[in-house]
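The values are calculated or read from the model by the stated rules, or taken from the named source; none is laboratory data. Since this is a predicted model, take the numbers as computed values, not measurements. Neighbour counts run over all protein chains shown; Cβ positions are idealised from the backbone, glycine included.
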Amino acid sequence: MRVLVVEDDPKIASFVVRGLKQAGYAVDHASDGDTGLALAESTDFDAAVVDIMLPSLDGLSMVRRLRAARKPVPVLFLSARSSVDDRVRGLQSGGDDYLTKPFAFSELLARIQALIRRATHSPEATRLSAGDVTLDLVTREVTRGGDRIELQPREFSLLAYLLRHAGRPVSKAMILEHVWDYSFDPQTNVVDVVVSRLRAKIDPERRRLETVRGVGYIFGRHA
Amino acid sequence: MLERLRQSLALRLAWQYAVVFALALAVTFSALYWLLAGAFDARERAALEHSVADLAGAYARGGLAGVNSRITSDSSPEMRSLFVRLGRPDGTIAYNKWPEDWLETRVQQLIPGVSIEHEILRIPQSAARDYTIASSQLPDGWVLHVGRLMDSKAVFLAPLRRSFAGVGAAALLLSLAVGTLLAWRATRPLRIVSATTRRILETGDLDARVPAPRGSGELTLLVHQLNRLLDKDATHVRVLRETLDNLAHDLRTPLTRLRASAELALREGGDPAEARTALADCVDESDRLLHLLEALLDISAAEASALKLHRGRLDLSPLLVRAADLYREVAEDKGIAVLVDAPSPVEADVDAIRLGQAVNNLLDNALKYSPAGARVTLAARAEAGAAVIIVSDTGPGVPEAEREAVFRRLYRGEACRSERGLGLGLSLVKAVVEAHGGGISVDEAPGGGARFTVRLPCQIQTWEIPVS
């Protein structure tokens, strides 16, 4: 797996590059938009992390040109301050996800993994599973070790999201975005509440749905 | 000092006033002088013409003898002082009467028998007197000259000119003095404003205000506006100072905990699992700090009117439904029923995300402080000129003494110290609502419990379209 990092701030760049290398990725780094664009056009990357504020060519324009050149590489934008405007513009110009500084590296990693997974996987199966837990998206049937389990709609959506990213951590912000459709953090404990309800139903032994402190949750790490 | 005096607005105004006054005075006096001179002239002309007509009449009745007898029979000083001559243009003189004191050659050179028409000829005799001569054409070719020695106009009007000059000078001086006084008084508020601002600049005394003058003129308005500006400034500075104090206070505790956790993780020879937990605590604590900072920045931006609002006209009820949906599981877990009461659309110009955040915070707050079995109601109403959101609960309510304070940042009520939270939720709500030009208040709901009322002004413009 090869990831491109386009970031001009040397501190953030080295922090991201080092972290991604530790996580087992091959990483290329560019510190301005033009170099980043040239690299992305000549090499096939599995994902790109692009800062919006860049010298020479800003991140938004860079990705817009990349898309015009029909390069489908998944892009995660980085930006300084959480503003809805930036987010919308980022996604409009061809980005796939968006993260605001300051961010936790684990959040960045979780989002990149989700992006790569989404890009490389074939059209989604109607059945998701991890370990002894299965979920049918069509019949909305959930089983654990063959026993049927009744879930509330939100618990169902949460489990489906966790199963799609089985074995990889997802952050609370990612869950809020995909399960609640909230693109900003309402700063509440609603995620924890639904997670603990789901856990009570699906994982009374606390083996499957783990809390990763400082990151979020992971489902089926040991499956 | 002299330069300052020269530059003084009051003195400049007074001088300008005096100059205008002097011009007006000069114009008035000139007009008056001209009118008086004209009237004096007309009177003399009338008297002389009367004499001419009298003698011409005598000639018509009795010829030369008639004129002679008219003159000799009248011994009045007026008649004696008259110059009378009957002559023809060829120099023939039929009658000539010189008063004793007429020795002026220029009058003698006056060609007899030439009509001066309707003009009156004035020949100066001395600085003070003029020979004044009128004429009349008689029917048989003779021309009658009648003259008289009169005071010259200049002399006659001299006292008038003198008194004009005197009165004018006095009036000018008076106007200068009065003008200076008036201008000085009128610009007094300016000097006070200037003194106050200088004091603020020099001493940094933010509580200094300009004493408000009476009345409602422009300067009074200026003073009021300046005072309001100073008030606002002082408030901003105070809020900033308080924010910094609160921030320092509120950051100190989590930072201390952060440091303690990091120290624990660094301890040599410790249990690696324990170290990992300590590091995870560090991460949690940093997240809390980041959230706190973000919320404080939002509040500050909203309070300084720097919060960018993306306003659009929308129905408020979906916001309430969405908030209720977000907290559904939280409410269920606590055994609290959440009701949305918005029977008809309530429209307002709002930033959907910011106002949604405010509604979330109000609901979060209500859920946090209500016991199991309580009920929370989110209601929206359209009132005259306002859209109203009411979040009420059947919980313990807010004690009257705390109702103002709950909106202060970082304020935690006596009863809720144990609850998790930043103490910023309600101040963020207040800041967002006020950034929308609205207001928020809390009172007791019917049957107890807290009731938060958000009032947003509607700038609904209705156009009456006539139906034809």
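Here are some notes:
- Within region B:1-84, helices (runs of 4 or more DSSP H) holding 1 or more residues that are of a type in the set (Phe, Trp, Tyr) and within 30 Å of B:Tyr95 (Cβ to Cβ): B:9-73
- Residue match in region A:152-163 (condition: within 14 Å of chain B (Cβ to nearest Cβ), in contact with a Gly (Cβ under 6 Å, 6 or more places away or on another chain) and within 14 Å of A:Phe219 (Cα to Cα)): no
- Within region B:328-369, considering residues that are closer than 20 Å to B:Glu383 by Cβ, part of a strand (DSSP E or B) and within 42 Å of the chain's Cα centre (by Cα), the one farthest from the other protein chains (Cβ to nearest Cβ): B:Glu347
- Per this entry, A:Arg221 is counted among residues that are of a type outside the set (S, T, N, Q), under 22 Å from B:Leu279 (Cβ atoms) and either facing chain B (nearest Cβ under 8 Å) or part of a loop (DSSP other than H, G, I, E, B) (or both).
- Some residue of region B:270-279 being assigned to a helix (DSSP H, G or I) and basic (Lys, Arg): yes
- Considering the conditions (1) out of contact with any strand residue (DSSP E or B) (no Cβ under 8 Å at 6 or more places or on another chain); (2) assigned to a helix (DSSP H, G or I), A:Arg206 is excluded by exactly one of them, (2).
- Test set (1) surrounded by fewer than 17 Cβ atoms within 10 Å (Cβ to Cβ); (2) at pLDDT below 85 - B:Asp298 fails condition number: (1)
- Filter result (at pLDDT 90 or above and either outside the structural domain of B:Thr394 (by TED's automatic domain parsing) or surrounded by 16 or more Cβ atoms within 10 Å (Cβ to Cβ) (or both)) within region B:334-345: B:Lys334, B:Ile336, B:Val338, B:Val340
- Looking across region A:174-208, just one residue is crowded, with 21+ Cβ neighbours inside 10 Å, free of Cβ contacts under 8 Å to residues at least 60 places away in the same chain and farther than 30 Å from B:Ala352 by Cα, and that is A:Leu198.
- A:Leu91 being free of Cβ contacts under 8 Å to residues at least 40 places away in the same chain, more than 29 Å from A:Gly216 (Cβ to Cβ) and part of a helix (DSSP H, G or I): no
- For A:Asp192, the conditions (1) away from chain B (no Cβ under 14 Å); (2) under 21 Å from B:Ser286 (Cβ atoms) all hold with the exception of (1).
- Only one entry in A:Gly167, A:Gly216 is within 14 Å of another protein chain (Cβ to nearest Cβ), in contact (Cβ under 8 Å) with a residue 12 or more places away in the chain and either within 23 Å of B:Ser286 (Cα to Cα) or touching a strand residue (DSSP E or B) at 6+ places or on another chain (Cβ under 8 Å) (or both), namely A:Gly216.
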